[in-house]
Amino acid sequence: MKGFISQIESFGTVDGPGIRLVVFFQGCPLRCKYCHNPETWKIGGGEEISSDEILELYEKNRVFYSKGGITATGGEPLLQADFLIDLFQKAKKADIHTCLDTSGIVFNRNNSENLKTIEKILEVTDLVMLDIKHIDSQKHKALTGSGNENILDFARFVSEKGVKMMIRHVVVPGITDEPKDLVKLGRFIGKLKTVVALDVLPYHTLGVHKYRGLNIPYPLEGVPQTSQEEAITARNYILYGIKESR
Ligand code: SF4
(Lines give C-alpha, C1' and ligand atoms only; values in the text may rest on other atoms or scores of the structure.)
Protein backbone atom coordinates (compact mmCIF):
# COMPACT_ATOMS: atom_id res chain seq x y z
CA MET A 1 0.00 0.00 0.00
CA LYS A 2 1.17 3.57 -0.70
CA GLY A 3 0.76 6.73 1.35
CA PHE A 4 1.33 10.43 0.72
CA ILE A 5 4.46 11.30 2.64
CA SER A 6 5.93 14.76 3.11
CA GLN A 7 9.34 13.69 4.37
CA ILE A 8 11.23 10.87 6.10
CA GLU A 9 13.86 11.52 8.74
CA SER A 10 16.28 8.63 9.32
CA PHE A 11 17.63 9.55 12.75
CA GLY A 12 14.90 11.35 14.67
CA THR A 13 15.54 11.89 18.37
CA VAL A 14 12.58 14.04 19.48
CA ASP A 15 9.60 12.06 18.18
CA GLY A 16 9.44 9.18 20.65
CA PRO A 17 11.94 7.09 22.62
CA GLY A 18 15.41 6.31 21.23
CA ILE A 19 16.60 6.94 17.69
CA ARG A 20 13.70 6.60 15.24
CA LEU A 21 12.73 6.52 11.61
CA VAL A 22 10.26 9.41 11.50
CA VAL A 23 7.64 9.38 8.75
CA PHE A 24 5.89 12.72 8.13
CA PHE A 25 2.43 12.03 6.69
CA GLN A 26 1.08 14.60 4.28
CA GLY A 27 -2.22 16.38 5.05
CA CYS A 28 -3.63 17.99 8.19
CA PRO A 29 -7.13 19.31 8.96
CA LEU A 30 -5.88 21.67 11.68
CA ARG A 31 -4.14 25.03 11.26
CA CYS A 32 -2.30 25.51 14.53
CA LYS A 33 -0.93 29.03 14.68
CA TYR A 34 2.46 27.78 15.92
CA CYS A 35 2.74 24.86 13.47
CA HIS A 36 6.31 24.47 12.28
CA ASN A 37 5.42 22.03 9.49
CA PRO A 38 3.03 24.04 7.25
CA GLU A 39 4.38 22.16 4.22
CA THR A 40 2.50 19.06 5.51
CA TRP A 41 -0.94 20.75 5.52
CA LYS A 42 -2.04 20.16 1.94
CA ILE A 43 -4.00 16.94 1.52
CA GLY A 44 -2.82 14.85 -1.43
CA GLY A 45 0.56 16.57 -1.72
CA GLY A 46 3.90 15.02 -0.84
CA GLU A 47 5.35 11.92 -2.43
CA GLU A 48 3.68 8.52 -2.78
CA ILE A 49 5.76 5.96 -0.88
CA SER A 50 4.87 2.34 -0.07
CA SER A 51 4.96 0.81 3.40
CA ASP A 52 7.50 -1.74 2.11
CA GLU A 53 9.82 1.05 0.97
CA ILE A 54 9.61 2.63 4.44
CA LEU A 55 10.37 -0.70 6.11
CA GLU A 56 13.32 -1.22 3.77
CA LEU A 57 14.70 2.13 4.94
CA TYR A 58 14.25 0.96 8.52
CA GLU A 59 16.03 -2.35 7.89
CA LYS A 60 19.00 -0.53 6.33
CA ASN A 61 19.71 1.21 9.64
CA ARG A 62 18.08 -1.27 12.05
CA VAL A 63 21.17 -1.43 14.24
CA PHE A 64 20.75 2.26 15.18
CA TYR A 65 17.10 1.83 16.16
CA SER A 66 17.60 -0.83 18.86
CA LYS A 67 16.07 1.46 21.55
CA GLY A 68 13.83 3.33 19.09
CA GLY A 69 11.51 2.37 16.26
CA ILE A 70 9.19 4.02 13.75
CA THR A 71 7.16 7.18 14.39
CA ALA A 72 4.25 8.27 12.23
CA THR A 73 3.83 12.02 12.47
CA GLY A 74 2.83 14.83 10.15
CA GLY A 75 0.64 16.39 9.22
CA GLU A 76 -2.00 14.09 10.64
CA PRO A 77 -1.28 10.34 10.19
CA LEU A 78 -4.89 9.38 11.04
CA LEU A 79 -6.05 11.02 7.79
CA GLN A 80 -4.39 8.10 5.95
CA ALA A 81 -5.66 5.44 8.33
CA ASP A 82 -5.53 2.44 5.97
CA PHE A 83 -1.95 3.17 5.04
CA LEU A 84 -1.04 3.71 8.70
CA ILE A 85 -2.59 0.35 9.65
CA ASP A 86 -0.67 -1.38 6.84
CA LEU A 87 2.63 0.25 7.90
CA PHE A 88 2.23 -0.43 11.63
CA GLN A 89 0.96 -4.01 11.13
CA LYS A 90 4.06 -4.79 9.07
CA ALA A 91 6.25 -3.01 11.61
CA LYS A 92 4.87 -5.07 14.48
CA LYS A 93 5.42 -8.28 12.50
CA ALA A 94 9.06 -7.17 12.14
CA ASP A 95 9.27 -6.51 15.90
CA ILE A 96 9.54 -2.71 15.52
CA HIS A 97 8.35 -0.28 18.22
CA THR A 98 5.58 1.92 16.79
CA CYS A 99 4.75 5.44 17.88
CA LEU A 100 1.83 7.50 16.62
CA ASP A 101 2.17 11.28 16.90
CA THR A 102 -1.34 12.64 16.38
CA SER A 103 -3.64 15.51 17.23
CA GLY A 104 -6.54 13.04 17.62
CA ILE A 105 -8.81 15.50 15.79
CA VAL A 106 -10.34 12.93 13.40
CA PHE A 107 -11.59 10.67 16.23
CA ASN A 108 -15.36 10.28 16.45
CA ARG A 109 -16.75 7.80 18.96
CA ASN A 110 -20.24 8.10 17.49
CA ASN A 111 -19.15 6.83 14.10
CA SER A 112 -18.78 3.03 14.27
CA GLU A 113 -16.55 2.86 11.16
CA ASN A 114 -14.23 5.48 12.59
CA LEU A 115 -14.17 3.70 15.96
CA LYS A 116 -13.27 0.36 14.34
CA THR A 117 -10.46 1.98 12.35
CA ILE A 118 -8.98 3.71 15.39
CA GLU A 119 -9.22 0.45 17.38
CA LYS A 120 -7.31 -1.32 14.64
CA ILE A 121 -4.59 1.34 14.68
CA LEU A 122 -4.26 1.22 18.47
CA GLU A 123 -3.85 -2.58 18.34
CA VAL A 124 -0.55 -2.07 16.52
CA THR A 125 0.57 1.13 18.29
CA ASP A 126 2.99 0.91 21.22
CA LEU A 127 2.91 4.59 22.14
CA VAL A 128 0.62 7.49 21.30
CA MET A 129 2.09 10.98 21.42
CA LEU A 130 -0.86 13.30 21.83
CA ASP A 131 -0.66 17.07 21.64
CA ILE A 132 -3.29 18.72 23.79
CA LYS A 133 -3.03 22.20 22.42
CA HIS A 134 -5.57 23.87 24.70
CA ILE A 135 -7.93 22.51 27.36
CA ASP A 136 -10.50 25.23 26.69
CA SER A 137 -12.44 24.39 23.53
CA GLN A 138 -13.10 28.02 22.49
CA LYS A 139 -9.43 28.93 22.91
CA HIS A 140 -8.47 25.68 21.13
CA LYS A 141 -10.61 26.77 18.22
CA ALA A 142 -8.97 30.19 18.12
CA LEU A 143 -5.54 28.51 18.13
CA THR A 144 -6.13 25.63 15.69
CA GLY A 145 -9.40 26.25 13.83
CA SER A 146 -11.30 23.44 15.66
CA GLY A 147 -12.71 22.74 19.10
CA ASN A 148 -11.01 20.12 21.29
CA GLU A 149 -13.90 17.72 22.02
CA ASN A 150 -12.70 14.93 19.67
CA ILE A 151 -9.15 15.30 20.93
CA LEU A 152 -10.05 14.96 24.60
CA ASP A 153 -12.31 12.02 23.80
CA PHE A 154 -9.49 10.41 21.81
CA ALA A 155 -7.28 10.71 24.91
CA ARG A 156 -9.97 8.97 26.99
CA PHE A 157 -10.29 6.24 24.34
CA VAL A 158 -6.53 5.57 24.23
CA SER A 159 -6.61 5.33 28.02
CA GLU A 160 -9.59 2.91 27.93
CA LYS A 161 -7.71 0.73 25.43
CA GLY A 162 -4.68 0.56 27.73
CA VAL A 163 -2.28 2.05 25.18
CA LYS A 164 0.61 4.08 26.58
CA MET A 165 0.41 7.78 25.97
CA MET A 166 2.75 10.71 26.11
CA ILE A 167 1.02 14.08 26.41
CA ARG A 168 2.59 17.17 24.89
CA HIS A 169 1.69 20.78 25.43
CA VAL A 170 3.30 23.76 23.73
CA VAL A 171 3.52 26.88 25.89
CA VAL A 172 2.82 30.00 23.83
CA PRO A 173 3.03 33.34 25.71
CA GLY A 174 -0.41 34.89 26.17
CA ILE A 175 -2.15 31.96 24.43
CA THR A 176 -1.54 28.65 26.21
CA ASP A 177 0.17 29.75 29.43
CA GLU A 178 -2.80 30.82 31.56
CA PRO A 179 -2.32 29.13 35.00
CA LYS A 180 -6.00 28.23 35.43
CA ASP A 181 -6.09 26.52 32.02
CA LEU A 182 -2.87 24.64 32.79
CA VAL A 183 -4.24 23.37 36.11
CA LYS A 184 -7.44 22.33 34.32
CA LEU A 185 -5.34 20.50 31.72
CA GLY A 186 -3.53 18.73 34.56
CA ARG A 187 -6.83 17.66 36.11
CA PHE A 188 -7.85 16.16 32.76
CA ILE A 189 -4.52 14.34 32.30
CA GLY A 190 -4.69 13.07 35.89
CA LYS A 191 -7.82 11.08 35.09
CA LEU A 192 -6.17 9.24 32.18
CA LYS A 193 -4.74 5.86 33.16
CA THR A 194 -2.00 5.24 30.63
CA VAL A 195 0.01 8.47 30.57
CA VAL A 196 3.70 7.60 30.86
CA ALA A 197 5.19 11.03 30.16
CA LEU A 198 4.37 14.74 30.02
CA ASP A 199 6.33 16.91 27.63
CA VAL A 200 5.83 20.64 28.07
CA LEU A 201 7.55 22.41 25.21
CA PRO A 202 8.50 26.07 24.88
CA TYR A 203 7.10 27.78 21.79
CA HIS A 204 9.83 28.52 19.23
CA THR A 205 9.94 30.31 15.89
CA LEU A 206 12.14 27.82 13.97
CA GLY A 207 9.42 27.18 11.37
CA VAL A 208 8.84 30.83 10.42
CA HIS A 209 11.07 30.66 7.32
CA LYS A 210 8.82 27.88 5.92
CA TYR A 211 5.83 30.26 5.98
CA ARG A 212 7.82 32.81 4.01
CA GLY A 213 8.80 30.10 1.51
CA LEU A 214 5.15 29.07 1.11
CA ASN A 215 3.98 32.68 0.97
CA ILE A 216 1.67 32.24 3.95
CA PRO A 217 1.47 35.03 6.58
CA TYR A 218 2.87 33.82 9.92
CA PRO A 219 -0.02 33.99 12.41
CA LEU A 220 2.10 34.53 15.53
CA GLU A 221 4.22 37.37 14.16
CA GLY A 222 5.62 39.34 17.11
CA VAL A 223 4.85 36.69 19.76
CA PRO A 224 8.07 36.08 21.72
CA GLN A 225 9.54 32.61 22.14
CA THR A 226 8.96 30.91 25.49
CA SER A 227 11.93 30.55 27.83
CA GLN A 228 12.83 27.22 29.49
CA GLU A 229 11.88 28.76 32.86
CA GLU A 230 8.41 29.69 31.58
CA ALA A 231 7.94 26.16 30.24
CA ILE A 232 8.98 24.72 33.63
CA THR A 233 6.50 27.01 35.40
CA ALA A 234 3.75 25.86 33.02
CA ARG A 235 4.70 22.22 33.62
CA ASN A 236 4.45 22.77 37.38
CA TYR A 237 0.90 24.12 37.03
CA ILE A 238 -0.04 21.04 34.98
CA LEU A 239 1.57 18.73 37.56
CA TYR A 240 -0.37 20.54 40.29
CA GLY A 241 -3.62 19.82 38.44
CA ILE A 242 -2.63 16.16 37.97
CA LYS A 243 -1.96 15.74 41.70
CA GLU A 244 -5.21 17.49 42.57
CA SER A 245 -7.23 15.09 40.45
CA ARG A 246 -5.78 11.92 42.03
S1 SF4 B 1 -1.81 19.32 14.07
FE2 SF4 B 1 0.42 19.38 13.83
S3 SF4 B 1 0.76 19.45 11.62
FE4 SF4 B 1 -1.39 19.96 11.95
S5 SF4 B 1 -1.42 22.19 12.00
FE6 SF4 B 1 -1.24 21.46 14.11
S7 SF4 B 1 0.95 21.43 14.57
FE8 SF4 B 1 0.71 21.55 12.32
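Descending by average beta-carbon neighbour count within 10 Å, the peptides 63-69, 99-105 line up as 99-105, 63-69, the highest first.
Lys-Lys pairs in region 18-97 that are eight or more residues apart or on separate chains and whose Cα atoms lie under 30 Å of each other come to 10. First check a/c for region 172-246, with a ≥ b ≥ c the square roots of the eigenvalues of its C-alpha gyration tensor; if it is under 1.5, answer rounded, and if not, answer prolate when a/b is larger than b/c or oblate otherwise. Prolate.
For the chain, a Gaussian network of Cα nodes joined below 10 Å ranks I70, I232, I132 by mean-square fluctuation, and the top entry is I232. The relative contact order of the chain comes to 17 percent, based on Cα pairs under 8 Å that sit 6 or more residues apart. Among the cysteines of the chain, those with no neighbouring cysteine Cβ under 4.7 Å are C28, C99.
Putting +1 on Lys and Arg Cβ atoms and -1 on Asp and Glu Cβ atoms, find which of L122, N37, S245 reaches farthest to the positive end of the dipole of the chain. About the Cα centre, the residue reaching furthest to the positive side is S245. With the simple model of a label 7 Å out from the Cα in the direction of the Cβ, V223 to E47 spans 3.2 nm. Build a GNM of the chain with springs between Cα atoms under 10 Å apart, and of Y211, Y34, Y203 the one that fluctuates most is Y211.
Residues whose amide H lies under 5 Å from that of Y203, counting only those 5 or more places away or on a different chain, are V171, T226; hydrogens are built 1.01 Å from N in the peptide plane. Taking the chain as a Gaussian network of alpha-carbon nodes connected by springs under 10 Å, the highest mean-square fluctuation of the residues K184, K164, K93 belongs to K93.
Restricting attention to region 111-180, lysine pairs at least eight places apart or on different chains and with alpha-carbon atoms under 21 angstrom apart total 9. For the pair L214 and E149, a Förster radius of 30 Å applied to the C-beta separation gives a FRET efficiency near 0.50, rounded to the nearest 0.05. Accessible surface calculations at 1.4 Å, restricted to protein heavy atoms, place region 2-245 at 47 Å² per residue. For the chain, the dipole from Cβ point charges (+1 on Lys and Arg, -1 on Asp and Glu) about the Cα centre works out to 620 debye, to the nearest 20. Annotation: S50 carries an accessible surface of approximately 20 Å², with a 1.4 Å probe and no ligand, DNA or RNA atoms counted.
The values are calculated or read from the model by the stated rules, or taken from the named source; none is laboratory data. Computed from a predicted structure; not experimentally measured. All Cβ positions, glycine included, derive from the backbone under ideal geometry; neighbour counts span all protein chains shown. Remember, those area values only see protein heavy atoms, side chains included, never the ligands or the DNA or RNA. Shrake-Rupley method; radii C 1.70, N 1.55, O 1.52, S 1.80 Å.
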